[in-house]
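Let me begin by presenting the structure, written as structure tokens, before commenting on it.
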């Protein structure tokens, strides 16, 4: 086959469309190749980094005191997370009493905090004072 032959059959062109195939209207849409992007200065991933202080243990090996809010926004309590139970958190209030709250009653921000605690220390935080003493 002569590449200079004007009557030679043309090579099929590479598909350039990102839409479905013309002959199959139910074919999935082809997505363009994703390119990595930098994290924006105001993205949650960047904003979360300076907040690591809320995960630092005090001298007694306890998590810091913080305000907890329920998912309705109507109930608030100052306390520190002392235990993760099956689907619940136990909080030690400023008064010295504890309260146990189901995870589904926590605000989204508090759920995120609990997830960060688990990522940092694991699900068994009852021994944090022992970890801090080392």
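The values are calculated or read from the model by the stated rules, or taken from the named source; none is laboratory data. Note that the coordinates shown come from a computational prediction; the quantities given were computed from them, not determined experimentally. Cβ: placed from backbone, ideal geometry, glycine included. Neighbour counts: every protein chain shown.
Couple of notes before you dig in:
- The one condition in (1) modelled with pLDDT of 90 or more; (2) under 17 Å from residue 124 (Cα atoms) that residue 96 fails to fulfil: (2)
- The range 113-125: number of residues that are within 12 Å of residue 89 (Cα to Cα) and not in a helix (DSSP H, G or I): 3
- Checking each residue in the range 59-84 for being in contact with a helix residue (DSSP H, G or I) (Cβ under 8 Å, 6 or more places away or on another chain) and exposed (fewer than 14 other Cβ atoms within 10 Å of the Cβ) picks out 59, 60, 64.
- When the range 85-112 is filtered for residues that are in contact (Cβ under 8 Å) with a residue 12 or more places away in the chain, assigned to a helix (DSSP H, G or I) and touching a helix residue (DSSP H, G or I) at 6+ places or on another chain (Cβ under 7 Å), only 103 remains.
- Residue within the range 73-81 that is under 25 Å from residue 60 (Cα atoms), over 24 Å from the mean Cα position of the chain (by Cα) and not in a strand (DSSP E or B) present: no
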